[in-house]
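One structure is given here, and the rest of the page talks about it.
The values are calculated or read from the model by the stated rules, or taken from the named source; none is laboratory data. All of these numbers come straight from a predicted model, not from anything done at the bench. Backbone-built Cβ (ideal geometry, glycine too); neighbour counts: all protein chains shown.
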Ligand code: 7GP
């Protein structure tokens, strides 16, 4: 019999033989056990995919142990926690990252080889978790890795979309979208928490009721959907701490529709309930543009409501007084998408906890902080009042009330400046009356931040000038960062080993500032030699992939010039393609004897266009049309190749980035809030060709303008250039556009509207006025590449200066200056 709880725990621990062991035999046994009992294949007969599944389950077991320890420890210590609310996460694959962070990659590789498998081959079996669009979503993933590694008591919350970002399939050079059935083969990383479910209400009416003599609002919903939690463990590196990314999925609720069953229409009732699951079924594929779609709003509230219920439940387990709430809870709004959380917290505190409006508002204002990723006003979410009112009637009332109080206060501060009052109001009057979600978030948050220095300054000077003048102390800058664990250790193992060798330590994997130690050896011929070898190996991997994907054979001596990111006019993939046409044209018109002087290039472009974004889709088609022409031109041969890499995602990025010599970040100045791709390339010793936009400005501060190729108009010059318009169109640019218009690459009519965006009189993104300076920067890159030692030195200095762009630095900054939380490290060395 079990005398006490601790005796019981003790016995159970013994029965389980302590923790899982990581020696080779134990790992092999675990893998085989999972083959037999989890995957249910015979241990004598299983293929690579099944081996991957078994392997993943054995890793997951270890993650679960650690996340239990971490959660128990957090519970015991009860520190202030941060809850990171993000609508999107681009996690990519989990296997390699997990075993590296657990510190057992080599043990697994050894165990597998004894079973006759290769770790890398099995790792390739894993599909990507692509629950997001682009920069914002990958940033969330990098930040989760840093929060875990730095031992912060953090939770990530999001939605478990059944279909992540669409798969891009190219047919005849055109993009087609196909659904991403990422869950079809199961997801070994997640755990469904069947008992962690919350009802989420929609529609209905608000009624006033009398509660003990006081009036209170009661929301009688018209529909209830159940949210169920799926937990995804996020292991830290060099620590036992493993935090949780909790994703919500919709499931039918048995509340409120019992009547439907009683009416006898059984089949219909079941079908209707099934619809509830649709709420989390698909990720919206548009980044940076919002549509007032009801399903999207439903997703937002569903996610917010379940998360807030979960957070409040956890708080109440240990506390009974809401005065302590701000000492225990920080809520981070990742862009406006989760900002309904503000109204939801108010609703719960006022209507359910009966704290009274003022007290509730006081608490809300102490817990929220808000990160903005948008640059222009058109990128900010506005929700039509009618839509919100029908879906969430009580929240609309609450937002009106918040706005009323805010505007009254504002009048006292600034007087009756009606223009300013209407600009700052949370409600936008107009043809379609709407809620400005960013204004709501700013009014309630104690801290608002941009994602690079220039972006944060732009927010203060332009987008939210009125708010900055009112509350200067709220505005901060948190320059983005990326995790070196995924972007060097996982994706570039040879570079990782080389860095550790020259620094004499692996400590940089947790303390990335140590990378600056490489500066001392940047001119050392031995390091340069080894550095070039690593790049060569990575280029080889990439070249094989390119050949497999597109059939194009590329030369390893050529400069690999990469632009991979979402396709957007402001990111100017079109400028890149026009530059390539120019290069092609030059080679064609050159004396044959001159051609030996040309620095050979492989131009690589990849990225998805939003399904409804016609111009972006035309850019993809143009890229293919130009590639077709160039790659089949025997005059050109290896001097120039152009390849489009289809279906760019995190795992493709892990292959492309280490193999790049040069990468382009060429947005029209003032349009890229930060940019994080550039940071990954930088860490991998890739030279940047870039405009002075977003985080590039800070990269220049770190590595010096001599170590990258800058060009183009600066932010403050853009408005004037726009006014001047097309007279600025240089001859060279006009000539390449003419080639496209004349049908040199076919599809003449189709490309017309694309050409119009440049020479049609507006040239909003300034391709014309930046064209010459772009070509000059390209020429400078050619020149530098022709001198391998010089190039390699620049490459080493790029990586050496990349430490500032680690998400570890960003997260520490958020923790200390925004969230007010401290590390809470499970007492063990990992
Ligand atoms: C992006 C910004 O465009 C990019 O400059 C920045 O580096 C990144 O966020 C992370 O801060 N924005 C988005 O990805 C975005 O708005 C909406 O997506 C879904």
Which residues, counting only those in the stretch 578-595, are in contact with a strand residue (DSSP E or B) (Cβ under 9 Å, 6 or more places away or on another chain) and either without any contact (Cβ under 8 Å) to a residue 60 or more places away in the chain or within 22 Å of residue 540 (Cα to Cα) (or both)? 584, 587
What about residue 234, is it modelled with pLDDT of 95 or more and more than 35 Å from the chain's Cα centre (by Cα)? no
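Each row is one residue, and each column tells you yes or no for (1) surrounded by fewer than 22 Cβ atoms within 10 Å (Cβ to Cβ); (2) within 28 Å of residue 238 (Cα to Cα).
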{"residue": "124", "(1), (2)": "yes, yes"}
{"residue": "137", "(1), (2)": "no, yes"}
{"residue": "142", "(1), (2)": "no, yes"}
{"residue": "162", "(1), (2)": "yes, no"}
What tally of residues in the stretch 397-429 results from selecting those that are in a helix (DSSP H, G or I), without any contact (Cβ under 8 Å) to a residue 24 or more places away in the chain and more than 29 Å from residue 673 (Cα to Cα)? 7
Condition met for residue 812 (part of a helix (DSSP H, G or I), on the phi < 0 side of the Ramachandran plot and surrounded by 15 or more Cβ atoms within 10 Å (Cβ to Cβ)): yes
So, of the residues in the stretch 687-701 that are more than 17 Å from residue 782 (Cα to Cα), crowded, with 24+ Cβ neighbours inside 10 Å and touching a residue at least 40 places away in the same chain (Cβ under 8 Å), which turns out to be nearest to the ligand (Cβ to nearest atom)? 694
Residue under question is residue 622, and the condition is that it be more than 16 Å from the ligand (Cβ to nearest atom), surrounded by 24 or more Cβ atoms within 10 Å (Cβ to Cβ), in contact (Cβ under 8 Å) with a residue 60 or more places away in the chain and within 26 Å of residue 598 (Cβ to Cβ); does it hold? no
Could you check the stretch 432-547 for helices (runs of 4 or more DSSP H) lying wholly inside it with 3 or more residues that are surrounded by fewer than 18 Cβ atoms within 10 Å (Cβ to Cβ)? 465-470, 493-503
Checking the structure you have, find out if any residue of the stretch 630-649 is in contact with a strand residue (DSSP E or B) (Cβ under 6 Å, 6 or more places away or on another chain), within 16 Å of the ligand (Cβ to nearest atom), part of a helix (DSSP H, G or I) and closer than 23 Å to residue 555 by Cα. no
If you check residue 312 against the conditions, is it free of Cβ contacts under 8 Å to residues at least 40 places away in the same chain and either within 16 Å of the ligand (Cβ to nearest atom) or assigned to a helix (DSSP H, G or I) (or both)? yes
Can you name every residue in the stretch 325-338 that is within 18 Å of residue 312 (Cβ to Cβ) and either touching a strand residue (DSSP E or B) at 6+ places or on another chain (Cβ under 9 Å) or within 16 Å of the ligand (Cβ to nearest atom) (or both)? 328, 329, 330, 331, 332, 333, 338
Residues of the stretch 362-373 satisfying the condition of being in contact with a helix residue (DSSP H, G or I) (Cβ under 8 Å, 6 or more places away or on another chain) and within 16 Å of the ligand (Cβ to nearest atom): 369, 370, 372, 373
Of (1) modelled with pLDDT under 95; (2) in contact with a helix residue (DSSP H, G or I) (Cβ under 8 Å, 6 or more places away or on another chain); (3) not in a helix (DSSP H, G or I), residue 291 satisfies all except one. Which? (2)
Which numbered condition residue 355 fails, given (1) more than 14 Å from the ligand (Cβ to nearest atom); (2) at pLDDT 95 or above; (3) under 21 Å from residue 434 (Cα atoms); (4) assigned to a loop (DSSP other than H, G, I, E, B): (3)
Does residue 82 satisfy being in a strand (DSSP E or B), away from the ligand (no atom under 16 Å from the Cβ) and either in the same structural domain as residue 151 (by TED's automatic domain parsing) or surrounded by 17 or more Cβ atoms within 10 Å (Cβ to Cβ) (or both)? yes
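Matching residues to (1) within 16 Å of the ligand (Cβ to nearest atom); (2) part of a loop (DSSP other than H, G, I, E, B); (3) more than 28 Å from residue 451 (Cβ to Cβ):
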site: 54; (1), (2), (3): no, no, yes
site: 57; (1), (2), (3): no, no, yes
site: 61; (1), (2), (3): no, no, yes
site: 91; (1), (2), (3): yes, no, no
site: 111; (1), (2), (3): no, no, yes
site: 120; (1), (2), (3): no, no, yes
site: 133; (1), (2), (3): yes, yes, no
site: 168; (1), (2), (3): no, no, no
Of the conditions (1) part of a loop (DSSP other than H, G, I, E, B); (2) under 19 Å from residue 301 (Cα atoms), the single one that residue 125 does not satisfy is (2)
Within the stretch 756-768, is even one residue assigned by TED's automatic domain parsing to the domain that holds residue 686, surrounded by 15 or more Cβ atoms within 10 Å (Cβ to Cβ), farther than 24 Å from residue 675 by Cα and modelled with pLDDT of 95 or more? yes
Residue under evaluation residue 590, criteria (1) surrounded by fewer than 20 Cβ atoms within 10 Å (Cβ to Cβ); (2) assigned to a strand (DSSP E or B), criterion not met: (2)
